[in-house]
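I have placed the structure first, in the form of structure tokens, so that the comments after it can refer back to it.
The values are calculated or read from the model by the stated rules, or taken from the named source; none is laboratory data. Keep in mind it's a predicted model, so treat the numbers as computed, not measured. We place every Cβ from the backbone using ideal geometry, glycine too, and count neighbours over all the protein chains shown.
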């Protein structure tokens, strides 16, 4: 589809409102996606990295464009061409923000790892927060050919936590037969920046996708994380950890779509909320008629650190096959006063005690993360959100 | 002046119910005191109030630790000053190992004592001391890597309380019904742990319903606690008398022990 048509489609789609079921808890009042200068030509401030890690490939994206700082040999790690045949195959322009991205993205990255290629070190792309009043449409396309193995880290970060921009991301991941891909998406945008993202992966036969989503920044928006278990024996594991405070609002919308038999999906999200922050997590496991022997799991647990923090957790199942195993769990709990007292009675200050309980709460999801620098950075980022008492 | 000094101490619950109704008690290093009383007499409330649990408010009299009024100190400050409570029902902290919890606690206390400067315990020193203490208390090594009190048996929890006491080396340890739910071997180990801690630097207040732990600990002083008050005081012989005769003689008329 041509850009003009996509733009028309974007314009024709109404702004979501809280009367739409999937937007019930995310009110976009006061947000006008057309009020931001799109792809402003002034380069945005360089992103501050959350990770210290040795990488095989490094790219940086900001309002001025995409810069490939280092690319490993034997793979394609390059500017994404808008005529790429697989573009839009997984994330269609049938939703307001995905449509806007499709119509307006300029700087995208293609990661294409050929058959059987194994990268020891991760690929790393840093995406800058758009400057005040500007929008950044970020587009990532990942093709993992059969038998390839690699890790890719996407790090959206802000040098200034007060930037009021608009970030819109679309990520498509094709994981070929027997491939093993680790995808880490860290969202550490400015707390006055709106952020909308649609990520969708298609996991092929006997392939494995291991996905980590860290959510710390942004003002409000929605992040969609969708996986198609498309080939027999495919596995996807998604681990989410998020923290919001002040008046931040995080919204995760996840889909585990089992299309082929003997597929496994395992989604575990944990979040902590402080002050008046809110979060909504919506999970859907869909099992198609052919997807017998599906094993699907989804979990969302929230820890509230302040009386005014609030979380909504909405698990869902749509099962059309009869020989499946699907389990889900959702909880929202307050920090336990007795736990806090117990730790303080051993000499820990209240903020140290909270930090310890918080770290304990997240420990099992952190333990799922294979890349040690990512695991440590996430643990530290979570603890850093409890103010020093 | 005693290290822990209670003068006409009164404690109320959040709903205003008075539960400790004027207690005078002095505990000094080198001394073991037993506070014995029937269920519901307010013994545990006294322990919680001393440690600073937010649900128990000191409403009258005073509790002084090293001359300082504890009501002006949070639970963390009291612990840092050297007060310790072995909980009757220790809380679980999932995701935090016994080792990591203990190291955090020791470092918090060291930091407070170093005037707010970080002064972390060297890890080899900490490990050595922890392993020795665990062996001494017959706590299996694997427990150190398990999450604190998460899925522990009653006996494991109580031993880990004593382990924490041994590692934190308090100046006054309050033990709230540490004997309940322990078999005789565990009781002996726990009692030894208390006895070994008490010395020139440390005193203990052992709160219990039963006399049996006192066979192993040998208190210097026994206080009988009924309905929020100390109603009788004496030496170790008082504990034996209670064991034989029960609390009936001390109860208000018509009440049951």
Of all residues in the stretch A:94-148 being in contact with a helix residue (DSSP H, G or I) (Cβ under 9 Å, 6 or more places away or on another chain) and assigned to a strand (DSSP E or B), which is farthest from residue A:198 (Cα to Cα)? A:135
I'd like to check something: does the stretch B:157-164 contain any residue that is more than 14 Å from chain A (Cβ to nearest Cβ), in contact with a helix residue (DSSP H, G or I) (Cβ under 9 Å, 6 or more places away or on another chain) and modelled with pLDDT under 95? yes
Lone qualifier among B:9, B:35, B:25 - being more than 17 Å from residue B:234 (Cα to Cα), in contact with a strand residue (DSSP E or B) (Cβ under 9 Å, 6 or more places away or on another chain) and assigned to a strand (DSSP E or B): B:9
Per the filter on the stretch B:53-80, residues more than 20 Å from residue B:8 (Cβ to Cβ), in contact (Cβ under 8 Å) with a residue 40 or more places away in the chain and either buried (at least 16 other Cβ atoms within 10 Å of the Cβ) or more than 14 Å from every other protein chain (Cβ to nearest Cβ) (or both) are B:79
I want to confirm something. Restricting to the stretch B:84-100 and keeping residues that are within 14 Å of residue B:164 (Cα to Cα) and without any contact (Cβ under 8 Å) to a residue 60 or more places away in the chain, which single residue is farthest from the other protein chains (Cβ to nearest Cβ)? B:99
What do you reckon, is residue A:197 modelled with pLDDT under 95, closer than 16 Å to residue A:248 by Cβ and either in contact with a helix residue (DSSP H, G or I) (Cβ under 9 Å, 6 or more places away or on another chain) or surrounded by 23 or more Cβ atoms within 10 Å (Cβ to Cβ) (or both)? no
Is one or more of the residues making up the stretch B:39-52 away from chain A (no Cβ under 14 Å) and part of a strand (DSSP E or B)? no
